[in-house]
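A.B. asks: One structure, as structure tokens, below. Some questions next.
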Amino acid sequence: MTVGADPLPLAAVALLASAYLFGVSRDRRGWRRRRTAAWLAGCALLAAALGPPALLPPGPSGHMAQHLLLGMLAPVALVFGAPVTLLLRVARPPVRRAVGRLLRSRPVHLLGHPATAVLLGTGGLYLVLLTPLYAAAESHRWLHHGLHLHYLLAGYLFAWSVAGPDPAPRRPGLPVRAGALFVAAAGHAVLAKYLYARADTLPPGLDGRDVAALREAARLMYYGGDLAELLLATALFAAWYRRRAPRAGGRAGTPPHTRPIGRLASHDHAGEYWRA
Amino acid sequence: MDDRRSTAAGAVIGVAVMAAVDEIVFHQVLGWHHFYDRSTPSVALLSDGLLHAAELLALVGGFFWFADLRRRGVLAARSAWGGFLLGAGAFQLFDGIVDHKVLRLHQIRYGVHLLPYDVVWNVAGAVLLLAGAALTWRAWSRPAGTP
């Protein structure tokens, strides 16, 4: 709220949308419209979060709405846009090989594990909201932008690792991913109620504390998180449902796709749902 | 027909639907339950969060599991109904005894004499649970080959 609409993040969002549309225009095989729609919806949610403050309710609730959009809803929409798959389809072979190597590398494997994503996303949220970091970000512009970027990237990493259609080599199976979603959802709900219960002291270090408004924000956090978690759970279980389709569809036991991306995505069951 | 899986899928959906009814009807529509009350201890917040996340996954996962059984033609409808009632009753009793009384997360309603509310709540849960048990028993013990 101390930091109003800033042209810099909005320009970055415009760049994301344009780059994706450029990629779609280069794809001669025809890119699925619902993926383009998901990506553009994600960009629109980002723009709503970063744009004129008038779009959001005033006070802590507005701030919370901004964080929910940046860290949960926009990332889910962007992940369903499958930008890496698009890149692999339209980029030249050297770029494709580089992306493939990167995706198969050990650091990306560790970073892309759902457990890492939970630690960075939900863990990061605890770190910000239970320490003076939150109050500090209110008054420091770059810290504020940095935190927003962290929410977005951590949210994206989590959504991708749990149910993203993009290739994810060595992605763990359904129980691990459902478990990660469970831990993240529980962690989010517990933190929201804890903030509600301790609104007179948390987040620490705020000037001019309005306890009722902070409680409203905590309630929004609790229910707002549900929406993103429901979307992810639907994507996750829908992929399982598709994977178990009777053999007529030629799924189980048949070689994966013959496209280069197919080999990358041999464990990418969520991908099969969004790709098919 | 797969009675065991049908009952289990029904139970998962029953738990989640009852939890959703609790959240929607008693928290949101009637406003009887409080989001949090001052006497709530921290351990109850933890259990509430875990339960909330489990309900969310159970709701979505249960429906896809149900759909999968149906698609394979192995869904036993009576067993699934039995499981649904078992799950719903079990959740209602758990909520009424553990959440409300043991953990004291929140009460059914505020500013009223609580006893009749607690009794109705838990008796309703027990009735659902018993009806579910009876239905499941009958479904499981029918002769093979009958629907």
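A.B. asks: Just want to confirm a number: the relative contact order over segment B:1-85, from Cα pairs under 8 angstrom separated by 6+ residues, in percent. The partial results should precede the final answer.
C.D. replies: On the way: 82 pairs, mean separation 58.8, N = 85.
Answer for segment B:1-85 is 69 percent.
A.B. asks: Residue by residue through segment A:124-130, which ³J(HN,Hα) values in whole Hz follow from phi under the Karplus form 6.51 cos²θ - 1.76 cosθ + 1.60 (θ = phi - 60°), with glycine and proline marked x?
C.D. replies: For segment A:124-130, the Karplus curve yields x, 5, 4, 4, 6, 7, 9 Hz.
A.B. asks: Hey, what does the equivalent ellipsoid look like for chain B, semi-axes from the Cα gyration tensor as sqrt of 5 times each eigenvalue, largest first, whole Å? Spell out each step's value before the answer.
C.D. replies: On the way: eigenvalues 206, 55, 24 Å².
Ellipsoid semi-axes (Å, largest first): 32, 17, 11.
A.B. asks: Could you work out the Rg to Rh ratio of the protein assembly as shown, with Rh taken as the Kirkwood radius (inverse of the mean 1/r over all Cα pairs)? Spell out each step's value before the answer.
C.D. replies: Values: Rg = 23.7 Å, Rh = 23.5 Å.
Ratio value, two decimals: 1.01.
A.B. asks: Tell me, how many Å apart are the Cα centres for segment B:18-94 and for segment A:125-150?
C.D. replies: Computed from Cα coordinates, the inter-centre distance equals 35 Å.
A.B. asks: As a check on your grasp of the helix formula, calculate [θ] at 222 nm for chain B: sum -39500 (n - 2.57) over DSSP H runs of n ≥ 4, divide by the residue count, round to the nearest 500. Don't skip to the end; give the middle numbers.
C.D. replies: Working: 4 runs with 95 residues, N = 147.
Mean residue ellipticity at 222 nm (helix-derived): -23000 deg cm²/dmol.
A.B. asks: Just to check I understand the Karplus step: with θ = phi - 60° and J = 6.51 cos²θ - 1.76 cosθ + 1.60, what whole-Hz values come out for segment B:116-122, glycine and proline as x?
C.D. replies: x, 5, 5, 5, 4, 4, 6
A.B. asks: Under a point-charge model restricted to the Cβ atoms of Lys and Arg (+1) and Asp and Glu (-1), what is the dipole moment magnitude of segment B:3-141 relative to its Cα centre, in debye to the nearest 20? Can you show the working numbers first?
C.D. replies: On the way: 11 positive and 10 negative charges, 104 e Å.
With only Lys, Arg, Asp and Glu charged at Cβ, the dipole is about 500 debye.
A.B. asks: May I ask which residue of A:P204, A:L129, A:W160 lies farthest towards the positive end of the charge dipole of chain A, with charges of +1 (Lys, Arg) and -1 (Asp, Glu) on Cβ and the Cα centre as origin?
C.D. replies: Going by the Cα projections, it comes out as A:W160.
A.B. asks: Normalise the Cα radius of gyration of segment A:88-181 by 2.2 N^0.38 Å (N = residues in it) and let me know the number. All intermediate terms of the calculation are to be shown ahead of the outcome.
C.D. replies: Details: Rg = 16.0 Å, N = 94, 2.2 N^0.38 = 12.4 Å.
After normalising by residue count via 2.2 N^0.38 Å, the value is 1.29.
A.B. asks: May I pose another question? What is chain A's relative contact order, in percent, from Cα pairs under 8 angstrom and six or more apart in sequence? Present the calculation step by step, with values, prior to reporting the outcome.
C.D. replies: Values: 354 pairs, mean separation 61.6, N = 276.
Taking the mean separation of contacting Cα pairs over the length of chain A, I get 22 percent.
A.B. asks: Separation between the A:A136 and B:W137 pseudo-spin-labels, each 7 Å from Cα along Cα→Cβ, expressed in nm?
C.D. replies: 6.4
A.B. asks: How much length is gained on full extension from B:D2 to B:V43, taking 0.36 nm per residue of separation minus their Cα-Cα distance? Don't skip to the end; give the middle numbers.
C.D. replies: On the way: separation 41, 0.36 × 41 = 14.76 nm, distance 3.87 nm.
Difference between extended and current length: 10.9 nm.
A.B. asks: For A:G81, enumerate residues with amide H under 5 Å from its amide H, sequence gap 5+ or separate chain, H modeled in the peptide plane.
C.D. replies: For A:G81, whose amide H was placed from the backbone, the distant partners under 5 Å are A:W39.
A.B. asks: Using a Förster distance of 30 Å, how high is the FRET efficiency between A:Y126 and A:R34, based on the Cβ-Cβ distance and rounded to 0.05? Display every interim value, and only then the final one.
C.D. replies: Values: r = 34 Å, r/R0 = 1.15.
Rounded to the nearest 0.05, the efficiency is 0.30.
A.B. asks: Counting only trypsin sites (Lys or Arg not before Pro) that sit in a DSSP loop (anything but H, G, I, E, B) with at most 12 other Cβ atoms within 10 Å, what is the longest stretch of chain A containing none of them? Write down the numbers at each step before the final one.
C.D. replies: On the way: sites that count: A:R28, A:R29.
Counting only loop sites that pass the neighbour cut-off, the longest clear stretch is A:30-276.
A.B. asks: Then there's this: Once you put a point 7 Å from the Cα of A:F22 and another 7 Å from the Cα of B:I97, both along the Cβ direction, what distance in nm separates them?
C.D. replies: 6.4
A.B. asks: Next up: So, in Å, what gap is there between the alpha-carbon centers of segment A:15-35 and segment A:190-223?
C.D. replies: Their Cα centres are 41 Å away from one another.
A.B. asks: Then there's this: Between A:A12 and B:L130, what is the spin-label point distance in nm, taking each point 7 Å from the Cα along the Cα→C-beta axis?
C.D. replies: Taking the simple label geometry, A:A12 and B:L130 are separated by 6.2 nm.
A.B. asks: Restricting to Cα pairs below 8 Å that are 6+ residues apart, what does the relative contact order work out to for segment B:3-141? Please round to a whole percent.
C.D. replies: Values: 202 pairs, mean separation 54.9, N = 139.
So the answer I get is 40 percent.
A.B. asks: Treating only the Cα positions of segment A:181-253 as identical point scatterers, give the base-10 log of I(q)/I(0) from the Debye formula at each q in 0.12, 0.14, 0.15, 0.20 Å⁻¹.
C.D. replies: One equal scatterer on each Cα of segment A:181-253 leads to -0.49, -0.57, -0.62, -0.84.
A.B. asks: What's the magnitude of the charge dipole for the protein assembly as shown around its Cα centre, counting Lys and Arg as +1 and Asp and Glu as -1 at the beta-carbon? Answer in Debye, nearest 20.
C.D. replies: 2620
A.B. asks: Place a +1 charge on the Cβ of each Lys and Arg in segment A:74-205 and a -1 charge on the Cβ of each Asp and Glu, then give the dipole magnitude about the Cα centre in debye, rounded to the nearest 20.
C.D. replies: Working: 13 positive and 3 negative charges, 167 e Å.
Computed about the Cα centre, the dipole is about 800 debye.
A short reminder: the numbers here are calculations on the coordinates, not readings from a lab. The shown structure was predicted, so the numbers you read here are calculated from the model rather than taken from an experiment. Here the Cβ is made from the backbone with ideal geometry for all residues, glycine too, and neighbour counts use every protein chain on show.
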